[in-house]
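The values are calculated or read from the model by the stated rules, or taken from the named source; none is laboratory data. Everything numeric in this text was worked out from a predicted model, so none of it was measured. FYI the Cβ positions are ideal-geometry reconstructions off the backbone, even for glycines, and counts take in every protein chain you see. For the accessible areas, the whole protein counts, side chains as well, though only heavy atoms, and no ligand, DNA or RNA atoms are used. Shrake-Rupley method; radii C 1.70, N 1.55, O 1.52, S 1.80 Å.
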2 protein chains.
Amino acid sequence: MENIRLHPSPGEWAALTTRPGLAAEKLEKKVRAIIREVSLQGDEAVRQFSARFGGSAPGDLWVQPGEIRAAATRVDPLLKRSIRAARKNIERFHRSQAEPVRRIETVPGVVCWRKSIPIERVGLYIPGGTAPLFSTLLMLGIPARIAGCAQIVVATPPREDGRISDVILFVAGLLGIDKIYKAGGAQAIAAMACGTQTLHKVHKIFGPGNQYVTCAKKLVQAQSTAIDMLAGPSELAIYADATCVPAYVAADLLSQAEHGADSQVILVSSSEAIIRNVLKEVARQLPGLPRKRIIEKCLLNKRLVVFRDHRTAFAFLNAYAPEHLVIASQRAGVLSRLVTNAGSVFLGNHAPESAGDYASGTNHSLPTNGTAAVTGGVSLDSFVKKVTFQKITGSGIRRIGPVIEEMAEAEGLQAHRSAVRIRLQNEKRTS
Amino acid sequence: MENIRLHPSPGEWAALTTRPGLAAEKLEKKVRAIIREVSLQGDEAVRQFSARFGGSAPGDLWVQPGEIRAAATRVDPLLKRSIRAARKNIERFHRSQAEPVRRIETVPGVVCWRKSIPIERVGLYIPGGTAPLFSTLLMLGIPARIAGCAQIVVATPPREDGRISDVILFVAGLLGIDKIYKAGGAQAIAAMACGTQTLHKVHKIFGPGNQYVTCAKKLVQAQSTAIDMLAGPSELAIYADATCVPAYVAADLLSQAEHGADSQVILVSSSEAIIRNVLKEVARQLPGLPRKRIIEKCLLNKRLVVFRDHRTAFAFLNAYAPEHLVIASQRAGVLSRLVTNAGSVFLGNHAPESAGDYASGTNHSLPTNGTAAVTGGVSLDSFVKKVTFQKITGSGIRRIGPVIEEMAEAEGLQAHRSAVRIRLQNEKRTS
């Protein structure tokens, strides 16, 4: 019997919205040692750890330009066409995030502005595993290119034969990224953070990964390398009302569940009957899916919640702050105004989460573990810093000078005051 | 004899741009215990730690509304006028940072946009000490209000008499902030991060502080509370060429040095003669300053560097990535294009750093310790998260559906593919 929670009171929400704890601390000692070794020995340490952890440890850790060209010829033309179409959408949406320089004259003679300047060197981690996640390379590589980062390094574990998948290489070639380091795991993160004989250390590291990768990102962040975020298990919350299509809702839940047994799935609805219809559809669709076992395991932890009114439902969803939120309703537009905490929101019955995962244009690197309450996902902003500038004329400083003097004096900072006063005195003399 | 480095080669830059190491690790155990206690005992633990560390521990930890009103009557009218003028400029510049919602139709029927949504509950830490840093409350409170954060809590240590300075209360009143928690140090950060009986825990903590405060921010960040940044000692780099005014450059160096003995001061110039002129001015202006001792101590660690050409000079300054960069030159506009790493840049002879500290409009909460290479200072962005939305119509999913299917298939994620396929099949049936 499915456990559907009816109208839980706010006091019960905390329990319904908790995530499983991350076991990263146990790994810390091990990962710390890997980082130390790589920082001391460089590429050779990377090779040794790759071999020790059962991965491939190629003699040459770098992909050769010829490999990228050759790989492109082996990728299915239909897939290439799809990737190009997705790239165009992702590029269009991320270009729209560029902030124009706006010069604001706060008082006459005092002009302030901020300018987006690319982060010079970035590292993109692309996990290996059963299937090459080339979509993640699109999601990280496209904004890095738009931002204009001077050095973009990709680190990704090679297959058993020491090579990188053709599709990954094709995408790298498409984006004009030619620095591909054949390593995965904590040692790859360490190489990008500390630098090696052949890899100039980067300023910021992006990308998802297993618990070793995440732990390494956490540790290098505490030292000096910036990171995009600490990615926890993926999450999907769906709000489904009477106007949803239960078969679609079921399909979206299943797609989320196939990410892994630790994926989080929450279904919130205005009625128990809708949830039962969705569950029937889940049972109907599940047998046809190759990742059935993973999905079943994941669904054991799903949460099914009914709220009488949609305001309470969205208050609950905001308390959870999901990475992905699907609003399966013909009223999705209106309901979406109630969203305050979510990574990416999908409106209506025709917007599956997988659209955002691949091709609609939004980024799929999103905040998990409740961090959607404070931060958005990866965007063009993640690859730049916004630097403030100010230009002040003689008449400008005459205008705001007295204000600064008064305030510096009140804070007991006389030298701050003097820096203004000496200018005002000179201005008087020379004018 | 002053140690002026002439034309150092890039190999020597690392040594010239290192910061002193932060000794935060020694404190960690102590601060960890404080956080644990506050998370268990709440307000009473805050009171006890405040008393134990020699601070005031008032019975009522909250400022009463009447106190705010009464304080305003005691602040010097001229100071109030200056604060209002500064507020107007800061507000104007930070309002200009609001990102309008841009709906991008990436393909017909697929519309993506992002929306800035305020972080619900924020905590602003305002240090106590010899002088009340009301300017920091302006710099954090103004963007928090513009963003529309639902709960803004200020934590600041009370004076010996258990009260908060009148100017701080005046600024809080001006900004409509009425939740002021009378506590400082690590215990105040812990209270905001963990919540107490009377303080609803916040999502993000802002503000500078001593090493206890910084250590506490670092520790709560590793748990679940976001922070603005880890503030190290303040930094100023000045580029001065033949068109600078040495007396102004000296005044700016002195104003930076009065922040504390650990402040960082770097002067880069196109000629040794200019540096000598500036140093003469420093010697002339120093005796008149009340914080002479602190300044002298700070200046012991100043760095003076000459580069023949301005391109190399700016490459060096970018390698340092200063919090503040003053370009003391009549060619500041052109030279500023060479800046890639800096927190806030001041152009020309009439723009002292103290303008940005107080009143020009830019924020004075800026990245230190080299983090200007990857991040900007506090801005309106710091108080919102940018959430992506997408709306897809039936014809939209028909258009991008095949692209998604192809890519999901290639990544081995069949359920992702099915979520699209089931919609396409239904669309066909119903259309």
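Residue-wise test of (1) part of a strand (DSSP E or B); (2) basic (Lys, Arg).
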site: B:Ala155; (1), (2): yes, no
site: B:Arg159; (1), (2): no, yes
site: B:Val167; (1), (2): no, no
site: B:Ala172; (1), (2): no, no
site: B:Ile177; (1), (2): no, no
site: B:Gln187; (1), (2): no, no
site: B:Ala190; (1), (2): no, no
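Could you grab me the full set of residues in segment A:279-296 that are among the hydrophobic types (A, V, I, L, M, F, W, C) and away from chain B (no Cβ under 13 Å)?
A:Leu279, A:Ala283
Is it true that some residue in segment B:236-245 is surrounded by fewer than 19 Cβ atoms within 10 Å (Cβ to Cβ) and more than 11 Å from every other protein chain (Cβ to nearest Cβ)?
yes
When the residues of segment A:75-85 are narrowed to those that are facing another protein chain (nearest Cβ under 8 Å) and in contact (Cβ under 8 Å) with a residue 40 or more places away in the chain, which ends up nearest to A:Val171 (Cα to Cα)?
A:Ile83
State all residues of segment A:49-74 that are assigned to a helix (DSSP H, G or I) and either more than 17 Å from A:Ile168 (Cα to Cα) or open to solvent by 60 Å² or more (accessible area, probe 1.4 Å) (or both); if no residue qualifies, say none.
Selection gives A:Phe49, A:Ser50, A:Ala51, A:Arg52, A:Pro65, A:Arg69, A:Thr73, A:Arg74.
State whether the residues of segment A:192-202 include one that is within 23 Å of A:Arg84 (Cα to Cα), touching a helix residue (DSSP H, G or I) at 6+ places or on another chain (Cβ under 9 Å) and outside the structural domain of A:Ser344 (by TED's automatic domain parsing).
No.
If I ask for residues that are touching a residue at least 40 places away in the same chain (Cβ under 8 Å), among the hydrophobic types (A, V, I, L, M, F, W, C) and not in a helix (DSSP H, G or I), which ones from segment A:367-385 would you list?
A:Val378, A:Val384
With the requirement that a residue be away from every other protein chain (no Cβ under 11 Å) and open to solvent by less than 40 Å² (accessible area, probe 1.4 Å), what does segment A:328-337 give you?
Looking only at segment A:328-337, we keep the residues that are away from every other protein chain (no Cβ under 11 Å), and these are A:328-331, A:334-335.
Correct list: A:Ala328, A:Ser329, A:Leu335.
Which residue pairs have Cβ atoms under 8 Å apart, sit 6 or more places apart or on different chains, and have a first residue in segment A:409-420 that is in a loop (DSSP other than H, G, I, E, B) and a second that is aliphatic (A, V, I, L, M) and surrounded by fewer than 20 Cβ atoms within 10 Å (Cβ to Cβ)?
Partner pairs satisfying both residue conditions: A:Glu411/B:Ala131; A:Gly412/B:Ala131; A:Leu413/B:Ala131.
Can you confirm whether segment A:208-218 contains a residue that is of a type in the set (Lys, Arg), assigned to a strand (DSSP E or B) and in the same structural domain as A:Phe134 (by TED's automatic domain parsing)?
no
Identify all residues within segment B:100-113 that are on the phi < 0 side of the Ramachandran plot and more than 7 Å from chain A (Cβ to nearest Cβ); write none if there are none. Write out each step before concluding.
Of the residues in segment B:100-113, the ones on the phi < 0 side of the Ramachandran plot are B:100-108, B:110-113.
Within segment B:100-113, B:Pro100, B:Val101, B:Arg103, B:Glu105, B:Pro108, B:Val111, B:Trp113 meet the criteria.
Does segment B:349-362 hold any residues that are open to solvent by 10 Å² or more (accessible area, probe 1.4 Å) and either facing chain A (nearest Cβ under 7 Å) or part of a strand (DSSP E or B) (or both), and which are they?
Selection gives B:His350, B:Asp357.
With the structure loaded, tell me whether A:Ile152 is open to solvent by 10 Å² or more (accessible area, probe 1.4 Å) and in contact (Cβ under 8 Å) with a residue 12 or more places away in the chain or whether it fails that test.
yes
Pick from segment B:223-235 the residues that are in contact (Cβ under 8 Å) with a residue 60 or more places away in the chain and under 11 Å from B:Pro208 (Cα atoms): which of them is most open to solvent (accessible area, probe 1.4 Å)?
B:Leu230
All but one of (1) of a type in the set (Lys, Arg); (2) within 26 Å of B:Gln211 (Cβ to Cβ); (3) at the interface with chain A (Cβ under 10 Å from one of its Cβ atoms) hold for B:Arg159; which doesn't?
Exception for B:Arg159: condition (3).
Filter segment A:186-241 down to the residues that are of a type in the set (Gly, Ala, Ser) and in contact with a strand residue (DSSP E or B) (Cβ under 6 Å, 6 or more places away or on another chain) and list them by number.
If the condition is that a residue be of a type in the set (Gly, Ala, Ser) and in contact with a strand residue (DSSP E or B) (Cβ under 6 Å, 6 or more places away or on another chain), then A:Ala188, A:Gly207, A:Gly209, A:Ala226, A:Ala237, A:Ala240 are the ones that fit.
With the checklist (1) in the same structural domain as A:Ile146 (by TED's automatic domain parsing); (2) open to solvent by less than 60 Å² (accessible area, probe 1.4 Å); (3) in contact with a strand residue (DSSP E or B) (Cβ under 9 Å, 6 or more places away or on another chain) in hand, flag the one item A:Arg95 doesn't pass.
So A:Arg95 meets the others, but not (2).
Is it the case that some residue within segment A:416-424 is within 7 Å of another protein chain (Cβ to nearest Cβ), of a type in the set (D, E, K, R) and over 15 Å from the mean Cα position of the chain (by Cα)? Spell out the reasoning first.
So in segment A:416-424, the residues within 7 Å of another protein chain (Cβ to nearest Cβ) come out as A:416, A:418-420, A:422-423.
Within this subset, residues satisfying the condition of being of a type in the set (D, E, K, R) are A:423.
The next check asks that each one be over 15 Å from the mean Cα position of the chain (by Cα); those that pass are A:423.
Looking for residues that are within 7 Å of another protein chain (Cβ to nearest Cβ), of a type in the set (D, E, K, R) and over 15 Å from the mean Cα position of the chain (by Cα), one finds at least one in segment A:416-424, hence yes.
Which members of segment A:258-273 meet the condition of being within 14 Å of another protein chain (Cβ to nearest Cβ) and of a type outside the set (A, V, I, L, M)?
Correct list: A:Glu258, A:His259, A:Gly260, A:Ser263.
What single numbered condition from (1) open to solvent by less than 10 Å² (accessible area, probe 1.4 Å); (2) in contact (Cβ under 8 Å) with a residue 40 or more places away in the chain fails to hold for A:Thr388?
So the condition that A:Thr388 fails would be (1).
Only one residue in A:Ser96, A:Ser50, A:Ser82, A:Ser56 is under 30 Å from B:Ile400 (Cβ atoms) and over 21 Å from the mean Cα position of the chain (by Cα), so which one is that?
A:Ser82
Answer yes or no: is there a residue in segment A:305-322 that is closer than 26 Å to B:Val122 by Cβ, within 7 Å of chain B (Cβ to nearest Cβ), open to solvent by 40 Å² or more (accessible area, probe 1.4 Å) and under 22 Å from the mean Cα position of the chain (by Cα).
Among the residues of segment A:305-322, not one is closer than 26 Å to B:Val122 by Cβ, within 7 Å of chain B (Cβ to nearest Cβ), open to solvent by 40 Å² or more (accessible area, probe 1.4 Å) and under 22 Å from the mean Cα position of the chain (by Cα), which makes the answer no.
Quick one: in segment B:399-408, which of the residues that are open to solvent by 10 Å² or more (accessible area, probe 1.4 Å) and out of contact with any His (no Cβ under 9 Å at 6 or more places or on another chain) is farthest from the other protein chains (Cβ to nearest Cβ)?
It comes out as B:Arg399.
Can you go through A:Val345, A:Val387, A:Val378 and tell me which one is within 24 Å of B:Arg92 (Cα to Cα) and under 25 Å from the mean Cα position of the chain (by Cα)?
A:Val387
If A:Val167 passes every condition in (1) within 21 Å of A:Arg47 (Cβ to Cβ); (2) surrounded by 24 or more Cβ atoms within 10 Å (Cβ to Cβ) but one, which one does it miss?
(1)
Report yes if B:Lys88 is outside the structural domain of B:Asn318 (by TED's automatic domain parsing), over 30 Å from B:Leu219 (Cβ atoms), in contact (Cβ under 8 Å) with a residue 60 or more places away in the chain and surrounded by fewer than 17 Cβ atoms within 10 Å (Cβ to Cβ), otherwise no.
On the way: outside the structural domain of B:Asn318 (by TED's automatic domain parsing): yes; over 30 Å from B:Leu219 (Cβ atoms): yes; in contact (Cβ under 8 Å) with a residue 60 or more places away in the chain: no; surrounded by fewer than 17 Cβ atoms within 10 Å (Cβ to Cβ): yes.
Judged against the criteria, B:Lys88 is not a match.
Being closer than 19 Å to A:Val202 by Cα, in contact with a Gly (Cβ under 9 Å, 6 or more places away or on another chain) and open to solvent by 10 Å² or more (accessible area, probe 1.4 Å) narrows it down to one residue among A:Pro158, A:Pro118; which is it?
Testing whether each residue is closer than 19 Å to A:Val202 by Cα, in contact with a Gly (Cβ under 9 Å, 6 or more places away or on another chain) and open to solvent by 10 Å² or more (accessible area, probe 1.4 Å) leaves just A:Pro118.
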